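Each remark here refers to the structure printed beneath this line.
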Amino acid sequence: MPKTLNGTLDTFSLADLLQWLEMNRLSGRVAITRGDERRTIDLKDGAIVFVSSLRPEERLGTYLASRGILPEPVVYEVLADSFLTGRSLTRLILECGLLPREELATAVEQLALKILLDLFHWHGATFVFDPSIATEDFLRIQLSLRGQVLALEGARSVDDTARIRSPFKAARGTPRPPEMDFSPQAVALAFFSVSEGLDHEHSSASVWRDRFVVFGRYSEKVAATLHQPFRPFPLFADTAERCRAALAARTESEEVVRLAATDPFLTLDVLFLANSLRTSGRGLLSTVHEATAAIGPGALRRLLELLSDEDTPTVSTRERLEQALRRAAVSTAVAASHVAPATGEDPGVAWTLALLEPLGSYELLKLLLAEDFEPGPFRAAALSWYRASCGRLLARKVNLPDSFADVLGSSGQVSSHSPAAEQLVFLAKQMVAADQVGREWTSEDPELADRYSSLVVDEHLAERIAGDAAALREVLGL
């Protein structure tokens, strides 16, 4: 089996790496990571054939739409197909006859060159070359993206930047949080942090050894999951059925907001597609209503067709974990929409914030339950260790507004100084506390406690929340 090559760009420069791969005519994928940023370089016989990035502004779809190479509604439609089928955007564009091969190859090459030259400025980045990943020379752009030429261009770019950059300017990039470091030493330190304050005196050495092993396996799976790009979630089975009915009646544009209101997976999938062509400067979308208006009827129909297809896997409404997640999400969303006016938030945005909140730890929880963790405080602490950073990374992958990152990445300890969206969801959770699952959101801030008390004394508000939440749970069989 081919062996991977890994290292850091501080000790093995990108120029040296590209030239070495070219001279040895190697095929495979180089993944370069800095903090939570990730870029990949595909090579075929030593030549660069494709480059990708998780940054929204560096994605091919964004590049094509922003430069008017393809109309935005058309890009949304092929993106929906690409996200759900896993087929490359370039192949779909050519197969649909949307662009001639030469014009698409030119656009891909220009974007790839931009991404690659920026990589020469990355410090503290790590790389992994995996020759087992099959790559394809699909667009035949490799003749103008040779490793040696890029090395010269990269060196010139670094020199030019060094001349104009202040020597005291900090390097770009978000520092990696301690809990996102998955080196062996960092995982060992994380284990001791997670274990701190637990029942050391009541557990044998063999118990702690077993816990260390299972925590290590769990951390490896978390790391692998975090390095993967976001893939749309499957829908709840009842949502998929209602989607098929709406598509058959051609009422999907009118029905999708109602369907998404009780399915956090559908909501996140629609927002992911809608925000895939947007950058923070263009205004990220926060509700399904805004999202469907942005992507247009053609892309929406294609997305729902693929998500609700009879052969597409769905989430059973009888699964215990997912049922509890949905109950908590829907009840909190109802409460948040009612609490929103008192906090100055839009009720629609509040509903979406609260509906998506449980998804911040959903994938982590599935990984945790797949390992041999015994129920109890150690398992809960292991989940909490990675939860906040993973929630923020999910928001970044989906390209959600900052308020969603605040909620998905919340530590659960809330105060009157916390972001407004986090305070809103905290108050909503307290209003439907009996329906919550998983970790408890808490606060020791008297000011926030006073705000909650002012909501509780309004009997009509509490009754409306309880009645609306109960009615929705009954409809959904929760």
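Brief remarks on what is shown
- Evaluated with a Cβ-only charge set (Lys, Arg +1; Asp, Glu -1), the range 237-476 carries a dipole of roughly 540 debye about its Cα centre, given to the nearest 20.
- Beta bridges per DSSP, both residues in the chain: antiparallel share near 90 percent.
- Which of Thr343, Thr251 has the fewest Cβ neighbours within 10 Å, and the rest in rising order: Thr251, Thr343
- Within the straight-line cut-off of under 23 Å between alpha carbons, the lysines reachable from Lys429 are Lys366, sequence neighbours fewer than 8 places apart in one chain being disregarded.
- Calculated log₁₀ intensity ratio I(q)/I(0) where the Debye formula runs over C-alpha points of the range 237-476, q = 0.07, 0.14, 0.16 Å⁻¹: -0.23, -0.95, -1.23
- For the range 5-157, the C-alpha radius of gyration sits at 1.03 times the compact-globule guess of 2.2 N^0.38 Å, with N the residue count.
- Ellipticity estimate at 222 nm from DSSP helix runs (n ≥ 4, -39,500 (n - 2.57)) divided over the chain, nearest 500: -18500 deg cm²/dmol
- Only the Cβ atoms of Lys and Arg (+1) and of Asp and Glu (-1) were treated as charged; on that basis the dipole of the chain about its Cα centre amounts to roughly 1320 debye.
Quick note: the coordinates plus some simple rules give every number you see, no bench work behind them. Predicted model, so just to flag it, every value in this text is computed and none were measured. Here Cβ is always computed from backbone atoms with ideal geometry, including for glycine, and neighbour counts include all displayed protein chains.
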